Amino acid sequence: MDAVEQHDAFFNSFNLVRGPCLGSGAVGEVVLASAKHNSSLKVAVKIVTFETEGCKDDFLCEVGFLRDLHHPRILKMIAFDMDDHHGFMLSTYFKNGTLRDTMSSDPPVEEPRILRHILDVASALQYIHGLHIFHQDVKPRNILLDDQDRAVLADFGLATQASDSSAMVMRWETTPGYYGPETRKRRPMSPFKLKYAGRDVLGTPAVGIGELHKQESVTEVARRSMDAVEQHDAFFNSFNLVRGPCLGSGAVGEVVLASAKHNSSLKVAVKIVTFETEGCKDDFLCEVGFLRDLRHPRILKMIAFAMDDHHGFMLSTYFKNGTLRDTMSWHELTGSH
C-alpha cells in the first residue's frame, strides 16, 4: 500500500475528508480535515513520515506529552493513529493561523498584543517546566492563535523531559536560526533558564523581553515588559504624541518615531533608555546634560526629556533621511571589492 492509500485509510477510519496543507516541516505536514457528515466541523491532522526509527520514537514521545499535558495555552490532541510508515495526530484546528502569520501584517502588530502572546507562551512554558519538560522548538510557526487571539503552544516533536529542575544539558535541538547564544558555548546549560526568550524565539525584536534574570520566571519578565509598555504609553500621552515604528535599537534601548496627536505630519524621534543598572541612569542624565548645553548646527538638538524609575525618554529632531550608514553600500561597509 503506497503513502496515498495509507493516508486515505486513516482519514476514512475517522470519517474525515482531507483538505489543503496548512504547513510542512522536515519529516511531515499538517493538513486540514473536515467531518464527512458535517463539513463545518474541522480538525488539524499532523502526518509524520517515519523515515528513520528515530522519527517514530519522536512521534510517540510527542503523543505521550500531549496526552498528559492539560493547559489552556497548550495544543489539545484529540486522537492519534499510526502504521509502519506514518504517524497521524488529530488536534484542534485554529482558523486564525500562527503567530508567524501576523508578523508581516500592515499596520504592524501593536506591542500590548505581542506582550499578551508572550505571557500566554510564558504560562505554557512555566507549566511544562514545572514538569521538567523543555520544548526546544518555540518559534512563531509553532504558536497558534485561538478565537480570542490568545496564543497556544504547539509541536512538541522535539520536547524532552529531564530528571529534575536542576538538570543540565550539553546539546540543544531546534530549528536552524532559533538557537539561543548560550546553546553555542558547548558547556552545560539549564534548559529551563534560556536567555532572550522573547526577542529571538518569538520573533518580536521590537518587544524582546531580554535576558532572563536567574531568579525570574519567564512570566515575571513578560509581566515586567507589560508594565514597561504602560509606562511608555504614559510618557507619549503626556507629550500628546502617538508612538510609531522603531527606527533603531541598541544595548539598553531604542529610538522610535512619534507624531503629534493633533497633526500627524509633525514628527519627532524619541530615544527610550531602560535603566537596567544605576549606571544606565547616570549615562542617560549625562547625555541629557550635554545635549541641553550644546548648541551647534551640526549636533543633534534635544527638544525635551522625561524619566521615571525605570526609563529615560528623550525627544529630538526627526531626520527622515536616516543616518550615514543608510547611504553606504555593502562593499563600503565590509571593505570588500
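The values are calculated or read from the model by the stated rules, or taken from the named source; none is laboratory data. What you see is a predicted model; the values in this text were computed from it and never measured. All Cβ positions, glycine included, derive from the backbone under ideal geometry; neighbour counts span all protein chains shown.
Odds and ends about this structure:
- Condition check for VAL31: of a type in the set (Val, Ile, Thr), buried (at least 18 other Cβ atoms within 10 Å of the Cβ), in contact with a Ser or Thr (Cβ under 9 Å, 6 or more places away or on another chain) and outside the structural domain of THR174 (by TED's automatic domain parsing): no
- Comparison of LEU32, LEU131, LEU99 shows that the only residue that is in contact with a Gly (Cβ under 8 Å, 6 or more places away or on another chain) and over 30 Å from LEU247 (Cβ atoms) is LEU32.
- Picking from residues in region 221-280 that are touching an Asp or Glu at 6+ places or on another chain (Cβ under 6 Å) and modelled with pLDDT of 80 or more, the one that is farthest from PHE313 (Cα to Cα) is CYS246.
- Only listed residue being part of a loop (DSSP other than H, G, I, E, B) and surrounded by 14 or more Cβ atoms within 10 Å (Cβ to Cβ), chosen from PHE94, PHE65, PHE88: PHE94
- Residue in region 152-172 that is assigned to a helix (DSSP H, G or I), at pLDDT below 90 and of a type in the set (Gly, Ala, Ser) present: no
- A count restricted to region 12-53 and to residues that are assigned to a helix (DSSP H, G or I) and either hydroxyl-bearing (Ser, Thr, Tyr) or within 20 Å of ASN142 (Cβ to Cβ) (or both) stands at 1.
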